[in-house]
Amino acid sequence: MKFDRPEQQIQKSWEANADAWTRAIEQNSIESRRAATDEAILQAVLRYGHRRVLDVGCGEGWLGRALAKHGVEVVGVDASRGLIDRAIEKSSGCFRAIGYDDIIADPLILGQSYDGIVCNFSLLGEEIGDLLRSLRQATVSDGHLLIQTVHPFTACQQQPYIDGWKIETFDNFGGGVFIEPMPWYFRTVSSWFQQVSESGWRICELEEPIHPQTKLPLSLLLICQ
């Protein structure tokens, strides 16, 4: 399956699948999240003591709600109006429908500077450099950018270990019927390092959350300054 304009299809997929995604989160039906990745990003933010956090690609807002229980002020942004509506329904926190192109065009749209910015499985396109550079302008001088993404070694499976587009069908996500497949851009570990460094960030810590039973890496967590 191929898409002529995969970046636009990503947006279309999240709008179409907003209900199914929300149910999957409510039912805690995604195994990798239960096993390690949700706790990994939550604890990373808390470990660094961030008090004002921007959740980029926040979806239905689960991370903002989790951090709010620890006294962290969170602003969540997402290009999907449907997901932002669900986030607002579930929380009194601040959630805004802002797309990545909007952030690139004017980082000031994000408001006051943040000491932590999180991109939790939300950097799905091929061109992310301009976004990462723009996010630097929304961060205090000693702030952090936390990126969690699928682990390249695990996601590669038996396919060639090279950058390129892949298709997510959501077959194992549960929660409901996902009606639109989603293209996403696969990157090797070295490609992630290159993208981050070329955008003016420095990786100061790397984590690889492991599945407690299979002992396979579930994600790659990059903490940058």
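The values are calculated or read from the model by the stated rules, or taken from the named source; none is laboratory data. All values reported here derive from a predicted model rather than from experimental measurement. Every residue, glycine among them, receives a Cβ derived from its backbone with ideal geometry; neighbour counts consider all protein chains shown. We work out accessible area using only protein heavy atoms, side chains counted, and drop any ligands, DNA or RNA first. Shrake-Rupley method; radii C 1.70, N 1.55, O 1.52, S 1.80 Å.
Hey, got a sec? Which trypsin sites (Lys or Arg not before Pro) in the range 1-91 land in a DSSP loop and have at most 10 other Cβ atoms within 10 Å? Sites meeting the loop and neighbour criteria: 2, 69. Max-minus-min Cα coordinates of the range 22-79 on each principal axis give 29, 26, 17 Å, with the largest extent listed first. Remark: the chain carries 48 Å² of accessible area per residue (probe radius 1.4 Å; ligands, DNA and RNA excluded). Using a probe of 1.4 angstrom, how much of the accessible area of the chain is carbon and sulfur, in percent? For the chain, the apolar C and S fraction of the accessible surface comes to 49 percent.
The Cα center of the range 1-52 and the Cα center of the range 70-137 differ in position by 13 Å. Scattering from the range 121-225 was approximated by placing one identical point on each alpha carbon and applying the Debye formula without solvent; log10 I(q)/I(0) at 0.10, 0.15, 0.24 1/Å stands at -0.32, -0.71, -1.38.
Scale the Cα Rg of the range 155-206 by the rule-of-thumb value 2.2 N^0.38 Å and send over the ratio, two decimals. Spell out each step's value before the answer.
On the way: Rg = 14.7 Å, N = 52, 2.2 N^0.38 = 9.9 Å.
Dividing the Cα radius of gyration by 2.2 N^0.38 Å gives 1.49.
With Rh defined as the Kirkwood radius, the inverse of the mean 1/r over Cα pairs, the Rg/Rh of the chain is 0.92.
Run the helix sum for the chain: -39,500 (n - 2.57) per DSSP H stretch of 4+ residues, divided by residue count, reported at 222 nm to the nearest 500 deg cm²/dmol. Before the final figure, lay out each step's value.
Details: 9 runs with 76 residues, N = 225.
Computed ellipticity for the chain at 222 nm equals -9500 deg cm²/dmol.
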